[in-house]
């Protein structure tokens, strides 16, 4: 089904590592015909056609004119969904701040990622194409997150989203509640947690004032501070805060900080969102939820309830779902949408919560999250209804390249597990690389 | 006098009501043959008295209806009730770390019937659990079989002493924080378990040779060895958590050496040893389908349950033990997640009903909808395994114990 067979591509990769990516993308348009297409941006399209060219979607619809030079791939009976967006994951050996301080905005996840970690392949096997890679929640601020696209790549730069200014795109991870409460220099109480965070932002505001007063004069500029530069990006809205929070009062503390400093924020996990759904909706702050199989765990998360999903939906708040991989296995991400529907969320909103809503929370909705003309050709071919347990992810395409194929024995080993298949760097496609064994 | 007779009548009615119920299902899966369309299950006095298509329901009998009815589900290996829903020390009694071998620890002395996670399982249609001491020591203690109801453990219990939980694998090793030195290696784990069994053999021999002879008094009572003698006698199976292929083979080796009844638990790499496990005749309580691939479970697969089942190796599902979140798994969800990987509906359901009952040795009472068995049923508003279906009712011994939509 692939345009340029991956085997061929990878053999080329062995010879011309740098040029393979461009070779892998067909110059010719490709039409996927016969499937039920769920574009998310509109109603489901029966017997639809998805037309892509290079990295981009050219057309989606029931009556798409297929160019004469296009390759046609019959996917009758299948379901096509946009590539899934995971707003919160720890695959790829993410790490940010260390134990030296509770707030380390200068620490970048970027500098920790192992792009060969099998976690990325597991994500593809689950239909995920865009991920917000996050550091942990044991700090008030554990560092800069990074948004990645699961295209083939030998470096983090190769898979990172880039901002308009050319910088690697990502957010800022923050947390409150009990995880960051530790021994000094970490906070010992919730009030102290808030005070430390506020002071840091105030310091950043002071830094910003100095820069403004310098008015371009290098002699008057404050000394460079990596931490404050990152915080200025937060205050400028370039960098969205991804805020780990559980208890209702901690959630409201996040809203209070957000209002004071005006940063853009997404609430993450949000176990007790069901208790403050109206307040969240009124603040117009989006929520990224995790779906769990049972209540309990940490004291502050004991009232976690899947019904947060429908309650937030009814309150008018925007909801995405996330894996928090390894909390939820990336290969089973679609199940989270199923559980949200089980808890009472509408089917349409559950599908949006896996795609466009998450894309909006990462500021990537102009590129991904729906199947629309001009957007990245990131999509998943499913054997059936995305919300059914019987459905398999059969193929995952990223920017016009097939990145996961259930018919490929190595991809199957990732999808189902096998002896040695999931060790951290995976066994991947070694034998395809012409090394022989 | 009239008042008293009314009272007696009311009492009689409520007694009859307790344990008398009819349940209608558009589809009734019995785990004992073909599904029944428009099936009816009649339960009287807590036992199933009739099951069939469009059966007549006795006048005035309380009747429930659901799209799908299955036998009450069985979780073949859990720690729920010993492990509570909070991951705080005071709420976690599934593992005693003071010694490597403590078979005398009874589950009945640590089970909290009012634990919210027991309720959570019950609300999803799970009516029986084999719960007790978790993996993590060579012998961590006993398990017991209980129904997921009852204010006291006496009301819940099906079998107070069901199995002896053992671990042959990484989690049984001491770590650098332990004051104990052993077991520090896998060789030592096996040696310690074998020593324990030999000691039990000697103890049993002393009891046998004493046999009323005043010159040879029986050895003093010893709870630990008494329990191990019951293992030697096959009265209590040894439930051995072993995940790596070499640990599974060690388990089979020791079972053969001492001719003891074992049940494999976890068995992450069992797909590498289908022939060996089949030949041994051992049953497998397989790891939760969605278990994380960490430590000695790093080679876990999603098709192991299917492969074992296709080889006719008896398989049941478990919720296992979770240290973080979700605080318990739910066997309904675990069995469901075998379906995309090729397990048949029937096999998946059997693994949480009749096959689990057989492995636990309680299939004379539970595990299928058949006349004479306990009136334990689970009701669903659609395919029970679909993510978007709901459990809508649970019946234990004819009593509605949950009517919440989950």
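The values are calculated or read from the model by the stated rules, or taken from the named source; none is laboratory data. None of these values were measured; they are calculated from a predicted model. Backbone-built Cβ (ideal geometry, glycine too); neighbour counts: all protein chains shown.
Hey, any hits in the stretch B:123-132 for a residue that's within 14 Å of chain A (Cβ to nearest Cβ), touching a strand residue (DSSP E or B) at 6+ places or on another chain (Cβ under 6 Å), part of a strand (DSSP E or B) and in contact (Cβ under 8 Å) with a residue 12 or more places away in the chain?
Yes, some residue in the stretch B:123-132 is within 14 Å of chain A (Cβ to nearest Cβ), touching a strand residue (DSSP E or B) at 6+ places or on another chain (Cβ under 6 Å), part of a strand (DSSP E or B) and in contact (Cβ under 8 Å) with a residue 12 or more places away in the chain.
Which one of these does residue B:109 not meet: (1) touching a strand residue (DSSP E or B) at 6+ places or on another chain (Cβ under 9 Å); (2) farther than 21 Å from residue A:296 by Cβ?
Just one mismatch for residue B:109, condition (1).
Scan A:92, A:153, A:143 and give me the residue that is in a loop (DSSP other than H, G, I, E, B), closer than 30 Å to residue A:257 by Cβ and in contact (Cβ under 8 Å) with a residue 12 or more places away in the chain.
Going through A:92, A:153, A:143 in turn, just one is in a loop (DSSP other than H, G, I, E, B), closer than 30 Å to residue A:257 by Cβ and in contact (Cβ under 8 Å) with a residue 12 or more places away in the chain: A:92.
Cβ-Cβ under 7 Å, sequence separation 6+ or interchain: first residue in the stretch A:233-254 and at positive phi, partner assigned to a loop (DSSP other than H, G, I, E, B). Which pairs?
A:237/A:264
Just to be sure before I move on: is residue A:320 touching a helix residue (DSSP H, G or I) at 6+ places or on another chain (Cβ under 9 Å), in a strand (DSSP E or B) and either facing chain B (nearest Cβ under 10 Å) or surrounded by 24 or more Cβ atoms within 10 Å (Cβ to Cβ) (or both) in the structure I sent?
Yes.
Go through (1) surrounded by fewer than 20 Cβ atoms within 10 Å (Cβ to Cβ); (2) at the interface with another protein chain (Cβ under 9 Å from one of its Cβ atoms) one by one and return the number of the condition residue B:276 breaks.
Answer for residue B:276: the failing condition is (2).
Output yes when any residue across the stretch B:366-382 is touching a strand residue (DSSP E or B) at 6+ places or on another chain (Cβ under 9 Å), within 10 Å of chain A (Cβ to nearest Cβ) and over 20 Å from residue B:267 (Cβ atoms), and no when none is. Lay out the reasoning, then the answer.
Restricting attention to the stretch B:366-382, the residues satisfying the condition of being touching a strand residue (DSSP E or B) at 6+ places or on another chain (Cβ under 9 Å) are B:366-382.
Within this subset, residues satisfying the condition of being within 10 Å of chain A (Cβ to nearest Cβ) are none.
The answer is no, given that none of the residues of the stretch B:366-382 is touching a strand residue (DSSP E or B) at 6+ places or on another chain (Cβ under 9 Å), within 10 Å of chain A (Cβ to nearest Cβ) and over 20 Å from residue B:267 (Cβ atoms).
Please specify each residue of the stretch A:76-89 satisfying the condition of being buried (at least 23 other Cβ atoms within 10 Å of the Cβ) and either outside any strand (DSSP E or B) or free of Cβ contacts under 8 Å to residues at least 40 places away in the same chain (or both).
Of everything in the stretch A:76-89, just one residue is buried (at least 23 other Cβ atoms within 10 Å of the Cβ) and either outside any strand (DSSP E or B) or free of Cβ contacts under 8 Å to residues at least 40 places away in the same chain (or both), namely A:83.
If the Cβ limit is 6 Å and pairs must be 6+ apart or interchain, which residue in the stretch B:308-329 that is within 12 Å of chain A (Cβ to nearest Cβ) and closer than 23 Å to residue B:132 by Cβ pairs with which residue that is part of a strand (DSSP E or B) and modelled with pLDDT under 95?
Here the result reads B:325/A:297; B:327/A:297, each pair linking the stretch B:308-329 to a residue that is part of a strand (DSSP E or B) and modelled with pLDDT under 95.
Go through the residues of the stretch B:138-157 one by one and say whether even a single one is free of Cβ contacts under 8 Å to residues at least 60 places away in the same chain, assigned to a strand (DSSP E or B) and surrounded by fewer than 24 Cβ atoms within 10 Å (Cβ to Cβ).
So far as the stretch B:138-157 goes, yes, one or more of its residues are free of Cβ contacts under 8 Å to residues at least 60 places away in the same chain, assigned to a strand (DSSP E or B) and surrounded by fewer than 24 Cβ atoms within 10 Å (Cβ to Cβ).
Looking at the structure I just gave you, is residue B:117 part of a loop (DSSP other than H, G, I, E, B) and within 26 Å of residue B:243 (Cβ to Cβ)?
no
Residue pairs, Cβ under 9 Å, 6 or more apart or interchain, first in the stretch B:86-104 and within 12 Å of another protein chain (Cβ to nearest Cβ), second buried (at least 20 other Cβ atoms within 10 Å of the Cβ) and not in a loop (DSSP other than H, G, I, E, B). List them.
B:86/A:297; B:87/A:297; B:91/B:83; B:92/B:83
May I ask you to list pairs of residues, at least six apart or on different chains, whose Cβ atoms are under 9 Å apart, with the first in the stretch B:337-352 being over 18 Å from residue B:34 (Cβ atoms) and the second being part of a loop (DSSP other than H, G, I, E, B) and modelled with pLDDT under 95?
Between residues of the stretch B:337-352 that are over 18 Å from residue B:34 (Cβ atoms) and residues that are part of a loop (DSSP other than H, G, I, E, B) and modelled with pLDDT under 95, there is no close pair.
Can you pull out every residue in the stretch A:328-367 that is closer than 21 Å to residue A:78 by Cα and in a loop (DSSP other than H, G, I, E, B)?
Scanning the stretch A:328-367 gives A:354, A:355.
Of everything in the stretch A:291-305 that's assigned to a loop (DSSP other than H, G, I, E, B) and buried (at least 23 other Cβ atoms within 10 Å of the Cβ), which residue is farthest from the other protein chains (Cβ to nearest Cβ)?
Ranking the candidates gives A:291 first.
Out of all the residues in the stretch A:24-67, which are part of a strand (DSSP E or B) and without any contact (Cβ under 8 Å) to a residue 40 or more places away in the chain?
Scanning the stretch A:24-67 gives A:45, A:46, A:47, A:48, A:49, A:51, A:61.
Does residue A:309 satisfy the criteria of being away from chain B (no Cβ under 13 Å) and either modelled with pLDDT of 95 or more or part of a helix (DSSP H, G or I) (or both)?
Taking the combined requirement at face value, the residue does not satisfy it.
Taking only the stretch A:323-358 into account, find how many residues are surrounded by fewer than 22 Cβ atoms within 10 Å (Cβ to Cβ), over 22 Å from residue B:290 (Cα atoms) and touching a residue at least 12 places away in the same chain (Cβ under 8 Å).
4
So if I check each of A:51, A:15, which one is at pLDDT 95 or above and farther than 30 Å from residue A:196 by Cα?
Only one candidate passes the filter, namely A:51.
Working carefully through the options A:374, A:369, find the one that is modelled with pLDDT of 95 or more, surrounded by 24 or more Cβ atoms within 10 Å (Cβ to Cβ), under 21 Å from the mean Cα position of the chain (by Cα) and within 18 Å of residue A:356 (Cα to Cα).
Exactly one of A:374, A:369 is modelled with pLDDT of 95 or more, surrounded by 24 or more Cβ atoms within 10 Å (Cβ to Cβ), under 21 Å from the mean Cα position of the chain (by Cα) and within 18 Å of residue A:356 (Cα to Cα), namely A:369.
If you check B:305, B:316, B:351, B:335, which single one turns out to be buried (at least 24 other Cβ atoms within 10 Å of the Cβ) and out of contact with any helix residue (DSSP H, G or I) (no Cβ under 7 Å at 6 or more places or on another chain)?
One residue alone meets the criteria, B:305.
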